[in-house]
Amino acid sequence: LGPARWLHSSESIMICLQPAVNFITEGFASLWRQGNYPACDGLRGLAMIWVCSFHAVERFASTSELGKELRNAWWPLALPLNGDVGVDIFLVLSGFLLGGALFEEYSSKGSINLPAFYAKRWFRIAPPYAVALLVSWMIDQPGMSKSGCSQYWWTNMLFINNYWPTWCCWKYNLCMVHTWTIAVEFQLYVATPPLFALSWFLSKSLPKAVSFSSASFVLGALAWLVCCCRRAAFVLLEHDEEIVDSQNFRTPYVFTLYRMAPYAAGLCGGIAVHEYTKGHWTLWQWPAHIMAGISTVILFLACLFGGEPTYMIHSPGGAWYGHLWQVSLLQTAVHRPCIGLATSYLLVLATTGNAPRLQAFLAFRAWTPIAALSYSMYLLQYAGWTLLLLPAYDNFIKERLVGASLAAGLATAYFMPVLAILGTLPLAILNFVFIERSSILISRQLLAVRKETALDAPCAPQKVADSTV
């Protein structure tokens, strides 16, 4: 009886645990599922690696003598230190995917289900973000997260932490300093449905020649142009050449109005892909090749010079560029918006089959799990440092760099992102499987219940026509 009872108990336990096992198994399996546009996975994975590399290498360059020497030379570390451009790639992807989906919904239905849209966005972003905030409050991490999160966690959850507390002069301890980008994205999500509503109104009010797609594309292009104009006004009218010798651009660096151009470019790209696949728009081949070449050059310059010259001109190796202050101001005004435009254009070519090699590279299956984990990786990257990067650096690497060659320092600089990503990976997987994916499933269930309730509700009585009229 003993073994039989034990076997029965084991079977009962397995039956009870089976739903949890299935949930975890499905969560890991979902890491490998590609979306409608596989090229977006590669672009998202590259952006995540670039941003995480920027933060890890910047840490090494600011805390190590060899790192400081390499940073002063600039060019050896130019590629990772310009990794903040990855944020612009994230914004392009958000505009491309979200704008394209909303445009398709508006085109087919003539309206957008706003409660469902905002609920999906909140459940997609807020729960994993809240867990990362909790981790930041519990663990003292780089970026003054613990003390900052005790005071200003509410600004993060309201998605206003790119405006308050102010970034100017670093007067405050910031909570998860890197999450200002999430605030920018969420604010742009909020603004996107009204933009399409205005486009729909214009397409119905203006002459028939103005279609909904044309109105939406033009408004997206105007949003891109407004961002360019605001950046130009800041550097020319308010600070002029003083921006080269100061860090005045730190404050608007995180403001939505100054960062929305890549999102607007992505939104226009999503509309263009939708219209191209429907056969409504065409692509001329020879101008496409020229624009692809220009876009490639813009992104190559971004790898060398960054979105703004702020980091470069404060290193001796890049000080010469600061003396060309007119060029520096021009870059500050228009380069980052052009980076968004170039990224969006190449993404359009890839997703429409007009750049097959680029499509094959970005759609490579290995990018899929990296892209799926990108949000959690981005949120928890500093927490991941405390697991591997900082212990390995402080206890093993740092002392061995004393008196080492520049080559050893350069190898260490490019090894730091590997440690940062490997340390963050376990936390990101846990956050994705148990929190991020769960919140997405919950939002789907709630919206499904709401839809069923609306369908089951009794219809309102029809108004009976007056027969005497």
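The values are calculated or read from the model by the stated rules, or taken from the named source; none is laboratory data. Values in this document were obtained by computation on a predicted structure and should not be read as measured data. Ideal geometry is used to build each Cβ from the backbone, glycine not excepted, and the neighbour counts take in all protein chains shown. SASA here: full protein model, heavy atoms, side chains in, ligands and nucleic acids out. Shrake-Rupley method; radii C 1.70, N 1.55, O 1.52, S 1.80 Å.
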Failed condition for residue 36, given (1) in a loop (DSSP other than H, G, I, E, B); (2) in contact (Cβ under 8 Å) with a residue 24 or more places away in the chain: (2)
Residue selected from the range 358-384 under the condition of a type outside the set (A, V, I, L, M) and more than 18 Å from the chain's Cα centre (by Cα), by the criterion least open to solvent (accessible area, probe 1.4 Å): 384
Pairs where the first residue, in the range 18-29, is closer than 15 Å to residue 432 by Cα and the second is open to solvent by 60 Å² or more (accessible area, probe 1.4 Å) and modelled with pLDDT of 90 or more, C-beta under 8 Å, 6+ apart: 27/434
Tabulated pairs, the range 221-238, first open to solvent by 80 Å² or more (accessible area, probe 1.4 Å), second assigned to a helix (DSSP H, G or I), C-beta under 8 angstrom, 6+ apart or interchain: 236/329; 236/333
Near pairs, Cβ below 6 angstrom, 6+ apart or cross-chain, from the range 254-277 (part of a helix (DSSP H, G or I)) to any residue that is aromatic (Phe, Trp, Tyr) and open to solvent by 10 Å² or more (accessible area, probe 1.4 Å): 261/224; 264/224; 265/224; 268/217; 271/217; 275/281
So residue 272, is it crowded, with 21+ Cβ neighbours inside 10 Å, closer than 22 Å to residue 102 by Cα, touching a Gly at 6+ places or on another chain (Cβ under 6 Å) and at pLDDT 90 or above: no
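Among the residues of the range 395-433, what is the count of those that are of a type in the set (A, V, I, L, M, F, W, C) and either surrounded by fewer than 16 Cβ atoms within 10 Å (Cβ to Cβ) or on the phi > 0 side of the Ramachandran plot (or both)? First the steps, then the outcome.
Step one: list which residues in the range 395-433 are of a type in the set (A, V, I, L, M, F, W, C), which gives 396-397, 401-402, 404, 406-408, 410-411, 413, 415-416, 418-422, 425, 427-430, 432-433.
Then drop every residue that is not either surrounded by fewer than 16 Cβ atoms within 10 Å (Cβ to Cβ) or on the phi > 0 side of the Ramachandran plot (or both), which leaves 396, 402, 404, 406-408, 411, 418, 422, 430.
Residues in the range 395-433 being of a type in the set (A, V, I, L, M, F, W, C) and either surrounded by fewer than 16 Cβ atoms within 10 Å (Cβ to Cβ) or on the phi > 0 side of the Ramachandran plot (or both): 10 in total.
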From 92, 21, 51, residue being part of a helix (DSSP H, G or I) and either modelled with pLDDT under 95 or in contact with a Cys (Cβ under 6 Å, 6 or more places away or on another chain) (or both): 21
Criterion (surrounded by fewer than 23 Cβ atoms within 10 Å (Cβ to Cβ) and within 16 Å of the chain's Cα centre (by Cα)) met by exactly one of 27, 95, 45, 99: 45
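Residues that are open to solvent by 40 Å² or more (accessible area, probe 1.4 Å), modelled with pLDDT under 95 and either at negative phi or not in a helix (DSSP H, G or I) (or both): does the range 174-193 have at least one? If you could, list the steps in order and put the result at the bottom.
At the first step, the residues of the range 174-193 found to be open to solvent by 40 Å² or more (accessible area, probe 1.4 Å) are 187, 190-191.
Then keep just the ones that are modelled with pLDDT under 95; that gives none.
Within the range 174-193 (the criterion being open to solvent by 40 Å² or more (accessible area, probe 1.4 Å), modelled with pLDDT under 95 and either at negative phi or not in a helix (DSSP H, G or I) (or both)), the answer is no, since none of the residues qualifies.
This table checks each residue for (1) touching a residue at least 60 places away in the same chain (Cβ under 8 Å); (2) touching a Pro at 6+ places or on another chain (Cβ under 8 Å).
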position	(1), (2)
319	no, no
353	no, no
380	yes, no
385	yes, yes
394	no, no
412	yes, no
Test: residue in the range 281-302 that is modelled with pLDDT under 95, more than 23 Å from the chain's Cα centre (by Cα) and crowded, with 17+ Cβ neighbours inside 10 Å: no
Criterion violated by residue 90 - all others in (1) open to solvent by less than 20 Å² (accessible area, probe 1.4 Å); (2) touching an Asp or Glu at 6+ places or on another chain (Cβ under 8 Å) satisfied: (1)
Residue among 150, 107, 136 that alone is of a type in the set (Ser, Thr, Tyr) and open to solvent by 60 Å² or more (accessible area, probe 1.4 Å): 150
Test: residue 78 is among the aliphatic types (A, V, I, L, M), farther than 30 Å from residue 271 by Cα and surrounded by fewer than 18 Cβ atoms within 10 Å (Cβ to Cβ): no
